[in-house]
Amino acid sequence: MILCCGEALIDMIPAPVETAVPRVEGAAAQMGFVPHCGGAVYNTAVALGRLGTGGAMQAGLFTGLSSDLFGQQLVAALDASGVDHSLSEVSAQPTTLAFVHLVGGHAEYHFFDENSAGGHLRPDRLPELPDAVDTLFFGGISLCNGAAAETYAALAARERGRRTIMIDPNVRAGFAKDEAAYRSRLAAMVAGAGIVKVSDEDLHWIYPGDAPIEAKIRQVLAGEAGTGPGLVILTLGAEGARGILRSGLEVAVPAVSAVVADTVGAGDTFNAGFLAAAHAAGVLKDAARGDIAEEQLRACLEYGAKAAAVTVSRAGANPPWRSELEG
């Protein structure tokens, strides 16, 4: 099982609404917000569940879930996509809401997260993981703040060396209440992971300064005393993605052409596509050690790009099913 560890929330996506009041000619359409299941890690779990349908791979989610109406919506979508959420902690705290503002098809977020179910996790309540869990995925805003972020960090530290770990920091600096603590937490988790996926924006925030991207990638790979990740994946939006191994081997793949509805969930689906392909090929551990073969790495990156192209072609985070990518 690939266990995704991080936030589950509701994305409130703007959409035109019909009203009984006639619209004045030339006036802008009235907009409302439609609740969609979301959260970077939640999206990755759902995508993995869909991509694993009918195969040997299982997807799971460890998070804080609410028993409220939105929490029920999140659980229903997990069940529909075949995601095991039995390790998640359920409470009566409210579900986190993220109001999305789309600018040129790109998403900007405004979060409402006070006293949420996602923030209710505590390091002293970490679950024991079953043997079926062989890979852990971390990332997103769940790593920003408070006891919940420390819970995920503690889980990653506990399982380091025992299970394959991938992290996508997906930096949301504006959401962090304590930037120094956030930086320290990310640095430790990145150094302890076997696979790290970053954007250029992530790298420039994690490693401030004028050093070129290549130098910052080498810094990630070096880790602590030369024991950093085996693989760094750099995503470049419309320019595709690069995979760089600790050995120096690099593979670049182009983005798959798509008519873009919006980019919500694109990176999350890419993560799931890469993980699903690597799991199916039996090379996840090889990737984390940095000794995956060039053609296998290329195939996994291409599958991630193919999956992400489907997601950007439709509104919201709506990852593809395995059947949509076959053939």
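The values are calculated or read from the model by the stated rules, or taken from the named source; none is laboratory data. All values derive from a computational prediction rather than experimental measurement. Positions of Cβ are generated from backbone atoms using ideal geometry, with glycine treated the same way; all protein chains shown enter the neighbour counts.
Condition check: of a type in the set (Val, Ile, Thr), assigned to a strand (DSSP E or B) and surrounded by 12 or more Cβ atoms within 10 Å (Cβ to Cβ). Does residue 75 satisfy that?
It is false that residue 75 is of a type in the set (Val, Ile, Thr), assigned to a strand (DSSP E or B) and surrounded by 12 or more Cβ atoms within 10 Å (Cβ to Cβ).
Just one of 196, 259 is aliphatic (A, V, I, L, M) and buried (at least 18 other Cβ atoms within 10 Å of the Cβ); which is it?
196 is the lone residue from the list that is aliphatic (A, V, I, L, M) and buried (at least 18 other Cβ atoms within 10 Å of the Cβ).
Quick check: anything in region 272-279 over 25 Å from residue 13 (Cβ atoms) and either free of Cβ contacts under 8 Å to residues at least 12 places away in the same chain or touching a Lys or Arg at 6+ places or on another chain (Cβ under 7 Å) (or both)?
Within region 272-279 (the criterion being over 25 Å from residue 13 (Cβ atoms) and either free of Cβ contacts under 8 Å to residues at least 12 places away in the same chain or touching a Lys or Arg at 6+ places or on another chain (Cβ under 7 Å) (or both)), the answer is no, since none of the residues qualifies.
Exactly one condition in (1) farther than 14 Å from residue 42 by Cβ; (2) crowded, with 22+ Cβ neighbours inside 10 Å is not met by residue 138; state its number.
(1)
Name the single residue, out of those in region 271-323 being in a helix (DSSP H, G or I) and among the basic types (Lys, Arg), that is surrounded by the most Cβ atoms within 10 Å (Cβ to Cβ).
Across region 271-323, the extreme among qualifying residues is 306.
Pick from region 78-104 the residues that are part of a loop (DSSP other than H, G, I, E, B) and of a type outside the set (S, T, N, Q): which of them is surrounded by the fewest Cβ atoms within 10 Å (Cβ to Cβ)?
The extreme case among them is 104.
Out of the residues in region 158-180 meeting the condition of being in a helix (DSSP H, G or I) and at pLDDT 95 or above, tell me which one is farthest from residue 269 (Cα to Cα).
This residue is 158.
With 107, 59 as the choices, which residue is modelled with pLDDT under 90, buried (at least 18 other Cβ atoms within 10 Å of the Cβ) and in contact with a strand residue (DSSP E or B) (Cβ under 8 Å, 6 or more places away or on another chain)?
Result: 107 is the single residue among 107, 59 that is modelled with pLDDT under 90, buried (at least 18 other Cβ atoms within 10 Å of the Cβ) and in contact with a strand residue (DSSP E or B) (Cβ under 8 Å, 6 or more places away or on another chain).
Given (1) over 21 Å from residue 266 (Cα atoms); (2) modelled with pLDDT of 95 or more, where does residue 145 come up short, assuming only one miss?
Just one mismatch for residue 145, condition (2).
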